[in-house]
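Enquirer: Sharing a structure here in structure tokens format.
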Amino acid sequence: MDVTRIYELRQAVLRPHQDRKAVAWSGDSDPDTIHVAAYDGAHIVAIGTMLARNEHGDRDQRSRQIRGMAVHPDWRGHGLGGQILDWLIDHAREAGAIEVWCNARTPALSLYRRRGFVPSGVEFEIPHAGPHFRMRLGLSR
Ligand SMILES: CC(C)(COP(=O)(O)OP(=O)(O)OC[C@H]1O[C@@H](n2cnc3c(N)ncnc32)[C@H](O)[C@@H]1OP(=O)(O)O)[C@@H](O)C(=O)NCCC(=O)NCCS
């Protein structure tokens, strides 16, 4: 998949205050980065991205960061976000990672908690994106 195809939904849902160029994130084109998309016909309605990065921002095959989870408003609550997250977690485990982490928006915490992620540290604010928690999931084999 051409990664730029996910930028429209990423920008609309997660970065409406930015222009399209700003949602091309560092690491999007790394060879070990995974982008997952769900389609309704030709339209992308749900997305998620996973990078081989540790919490210091370094490339690290033992760790995976999930970013850019977004579902079109008309499609929320139908399980797409959960299915994408489950797929990414399975892929991280199969790739040999020992942990998955993300900076989760506080209103979306239950999506991660239901899959065993636990918060670490205190809630923090990301400008324009609201309150977040660092969430971590250890992967057992
Ligand atoms: C968070 C998000 C990715 C979840 O995707 P989804 O496809 O709605 O998720 P699911 O259908 O698998 O359900 C996940 C949860 O969302 C809840 N939900 C249901 N309808 C919803 C709606 N209209 N809006 C937000 N959440 C909703 C469900 O109750 C469920 O919570 P639960 O696990 O406690 O039962 C999606 O709501 C979204 O894009 N939100 C805006 C952007 C955002 O917050 N992204 C996450 C950044 S960490």
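Enquirer: Per-residue ellipticity at 222 nm for the chain, helices alone: DSSP H runs ≥ 4 residues times -39500 (n - 2.57), over residue total, nearest 500 deg cm²/dmol?
Expert: My calculation for the chain gives -5500 deg cm²/dmol from helical runs alone.
Enquirer: With the crude spin-label approximation of a point 7 Å out along Cα→Cβ, what separation in nm comes out for Phe124 versus Leu111?
Expert: Placing both labels 7 Å beyond Cα along the Cβ direction yields 2.0 nm.
Enquirer: I would also like to ask the following. What nm distance separates the two modelled labels at Tyr39 and Asn103, each placed 7 Å from Cα along Cα→Cβ?
Expert: About 3.2 nm, to one decimal.
Enquirer: Relative contact order for the range 1-98: what is it in percent, counting Cα pairs under 8 Å that are at least 6 residues apart?
Expert: In percent, rounded to a whole number, it is 23.
Enquirer: Given 37 °C and 0.692 mPa s, compute D for the chain with the Stokes-Einstein relation, Rh being the Kirkwood radius over Cα pairs; round to the nearest whole µm²/s.
Expert: Calculated translational D: 214 µm²/s.
Enquirer: Measuring from label point to label point, each 7 Å out along Cα→Cβ, what is the Lys21 to Glu94 span in nm?
Expert: Here the answer is 3.7 nm between the modelled labels.
Enquirer: How would you rank Trp75, Trp101, going from fewest to most other Cβ atoms within 10 Å of each one's own Cβ?
Expert: Fewest to most other Cβ atoms nearby, the residues stand as Trp75, Trp101.
Rule-based calculations on the coordinates, nothing more; no lab input. Fair warning: this is a prediction, and the values are worked out from it, not measured in the lab. Because the Cβ atoms are built from the backbone with ideal geometry, glycine has one as well, and the counts that use them run over all protein chains shown.
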